[in-house]
Amino acid sequence: MTLESNGIYVRASSGQEKTKCPKCSPKRRKSFDPCLSVNIDEGVWNCHHCGWKGSLHKKMKTIEQVLIKPKQEVNTQLPKDITDWFNDRGISESVLIDENIGFNNSWIEFPFYKDGQIVNIKSRTLAKGFKQEKNAEKCFYRFDHLIGMKTIIITEGEMDALSLVQSGFNNVVSVPDGATAPNSKPTDRKFSYLLSAEEHFMNADTVILCTDSDPSGKHLREELSRRIGREKC
């Protein structure tokens, strides 16, 4: 079985490419809209318009993850040492209030909003301990702020995103899991948070990748640009 036998036509021989969906594109007014994401190396595809998914590997098992919705409110009453810690990094209390930054038993909480609902919470201590809600949805931090934006800024972490918000940029989001290890080959699962944002990237004119300059940050930048499209980044 090949991609062509499924009606899928791509130009590249490897990597990931967007193309027309043979199931829904002929019926759509925007029939040339590339709504089908194809991972050529792994032989899998997913349409972000009609939801058609498939694989060239007949024996591949599909595991559906049951997503758990976390609590919908965080304690935004931050202790003074926490607000001082943010202030030392140039982030004001007004930004902390606007972004609903929370605090719970020594953990700073960064709520991930999508469509106005909290779908995940990432927590950290001042000593750089990190954790996320178990089985919660993976999406960009500040997801709702990329909707309708012609220019989208992506950072490597939540603190970087807040620093840009402090500087007056509202069209900024952050990846949920930080940078990728140099010389690694990240899987589609690692970058699954891109799927729910793909329509917004397609509608944007420019994506600015604002990652660190260390090897991990550069690797993340290269992988994001490959998956989103280098012509936009």
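The values are calculated or read from the model by the stated rules, or taken from the named source; none is laboratory data. Predicted model, so just to flag it, every value in this text is computed and none were measured. Cβ: placed from backbone, ideal geometry, glycine included. Neighbour counts: every protein chain shown. We work out accessible area using only protein heavy atoms, side chains counted, and drop any ligands, DNA or RNA first. Shrake-Rupley method; radii C 1.70, N 1.55, O 1.52, S 1.80 Å.
Observations
- Residue check, Ser192 under 12 Å from the mean Cα position of the chain (by Cα), polar (S, T, N, Q), within 21 Å of Ile118 (Cβ to Cβ) and surrounded by fewer than 18 Cβ atoms within 10 Å (Cβ to Cβ): yes
- Restricting attention to region 1-29, the residues being in contact with a strand residue (DSSP E or B) (Cβ under 7 Å, 6 or more places away or on another chain), open to solvent by 30 Å² or more (accessible area, probe 1.4 Å) and of a type in the set (Ser, Thr, Tyr) number 1.
- Residues in region 125-158 that are touching a helix residue (DSSP H, G or I) at 6+ places or on another chain (Cβ under 9 Å), at pLDDT 95 or above and farther than 15 Å from Glu199 by Cα: 6 in all.
- Annotation note: of Arg221, Arg227, the sole residue that is of a type outside the set (Phe, Trp, Tyr), buried (at least 18 other Cβ atoms within 10 Å of the Cβ) and in contact with a Gly (Cβ under 9 Å, 6 or more places away or on another chain) is Arg227.
- Among residues of region 144-167 being in contact (Cβ under 8 Å) with a residue 60 or more places away in the chain and farther than 19 Å from Asp115 by Cα, the one that is farthest from the chain's Cα centre (by Cα) is Gln166.
- Look at region 79-97: where a residue is over 16 Å from Leu126 (Cβ atoms) and a partner is in a helix (DSSP H, G or I) and hydrophobic (A, V, I, L, M, F, W, C), sitting 6+ places away or on another chain with Cβ atoms under 7 Å, you get Val95/Leu162; Val95/Val165.
- Total residues in region 13-59, condition more than 22 Å from Glu222 (Cβ to Cβ), under 19 Å from the mean Cα position of the chain (by Cα) and not small (Gly, Ala, Ser): 7
- Sole exception among (1) part of a helix (DSSP H, G or I); (2) of a type outside the set (A, V, I, L, M); (3) open to solvent by 40 Å² or more (accessible area, probe 1.4 Å); (4) modelled with pLDDT of 90 or more for Cys233, by number: (1)
- Residue in region 200-207 that is of a type in the set (Val, Ile, Thr), farther than 20 Å from Lys150 by Cβ, crowded, with 19+ Cβ neighbours inside 10 Å and touching a residue at least 12 places away in the same chain (Cβ under 8 Å) present: no
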